[in-house]
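The structure appears right after this line, and notes come after that.
The values are calculated or read from the model by the stated rules, or taken from the named source; none is laboratory data. In this text the structure is predicted, and so the values were computed from the model without any measurement. A quick note on method: Cβ atoms are made from the backbone with ideal geometry, for glycine too, and the neighbour counts reach across all protein chains shown. Surface areas here come from the heavy atoms of the whole protein model, side chains and all, with no ligands, DNA or RNA. Shrake-Rupley method; radii C 1.70, N 1.55, O 1.52, S 1.80 Å.
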Amino acid sequence: CLISLTAQAEKPSYKKWITPLALGMASGITYNPFSKQTQSKIVAPGKLTQLDDYTQYGPAILQIGANIAGFKGTNEAFDQAGIFFLGTGIYAISVQGLKFSIKEKRPDGLEKTFPSGHTATAFFGATVLAHEYRDTHPELVIAGYTLATATGALRITNNKHWLTDVLMGSAIGIASAELAYILYPKVRTQWQKLNRFTLTPQVAPAYYGASMTVGF
């Protein structure tokens, strides 16, 4: 016997791609010497704070906290984790691939500025948070995108990235989350066909546990 669980895929919608497309286009528009010169005149040299090294993980921490608190998301904790890891792989490969292909210097003179990995991480986490809790806990969504926006702004004020880097990083983060939600149901279905063993974590306010199924 074999017991399997399936996740429902969202209906196709082109609206979800408007924001990352617009951010990507804005990044292309600001990818020029004039934009960099203008930013250099406005932003004072030197790093002001290391807060952006932590705020990039803020949305992901909010999602973990929501699960621990027992907040009901669109997907179960196991599926949320699967979507998160799949999307993380997508944006990490995208960001690092562009960094190695487009060897632009940062405002502080260091290498590999385009795009901003911190911003991609933050907006990816915020978009996943929005998918899970926009209907039940919109305050978490607002907090997530606030942290993501703050991360991008701090990368600029800390002279670690140009505006074009931050805009493209946010576009990649959002697009990676959207793509992960499209691909995950298919990936999980194929995984279940190949594996007859599943381990599902369970998180509740009063306990932590896991359920295991074995096909035979």
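Here Thr136 does not qualify as outside any loop (DSSP other than H, G, I, E, B) and under 25 Å from Lys15 (Cβ atoms). The residues on offer are Val141, Val166, and the sole one that is part of a helix (DSSP H, G or I) and either without any contact (Cβ under 8 Å) to a residue 40 or more places away in the chain or at positive phi (or both) is Val141. Using the structure shown, decide if Leu154 is open to solvent by 40 Å² or more (accessible area, probe 1.4 Å), more than 16 Å from Ala60 (Cβ to Cβ) and at pLDDT 90 or above. Considered against the rule, which asks whether it is open to solvent by 40 Å² or more (accessible area, probe 1.4 Å), more than 16 Å from Ala60 (Cβ to Cβ) and at pLDDT 90 or above, Leu154 comes out as no.
Looking only at segment 17-52, count every residue that is closer than 15 Å to Ala120 by Cα and open to solvent by less than 50 Å² (accessible area, probe 1.4 Å) and tell me the total. Counting residues in segment 17-52 that are closer than 15 Å to Ala120 by Cα and open to solvent by less than 50 Å² (accessible area, probe 1.4 Å) gives 5. For Thr6, the conditions (1) exposed (fewer than 11 other Cβ atoms within 10 Å of the Cβ); (2) farther than 17 Å from Thr157 by Cα; (3) of a type outside the set (Asp, Glu); (4) at pLDDT 85 or above are fulfilled apart from (4). May I ask you to list the residues in segment 83-101 that are under 30 Å from Val43 (Cα atoms) and open to solvent by less than 50 Å² (accessible area, probe 1.4 Å)? Result: Tyr91, Ala92, Ser94, Val95, Gly97, Lys99.
Counting residues in segment 30-51 that are within 30 Å of Tyr184 (Cα to Cα) and either in a loop (DSSP other than H, G, I, E, B) or modelled with pLDDT of 95 or more (or both) gives zero.
Taking the conditions (1) hydrophobic (A, V, I, L, M, F, W, C); (2) farther than 23 Å from Ala44 by Cα; (3) modelled with pLDDT under 95 in turn, Leu110 satisfies each one other than (2).
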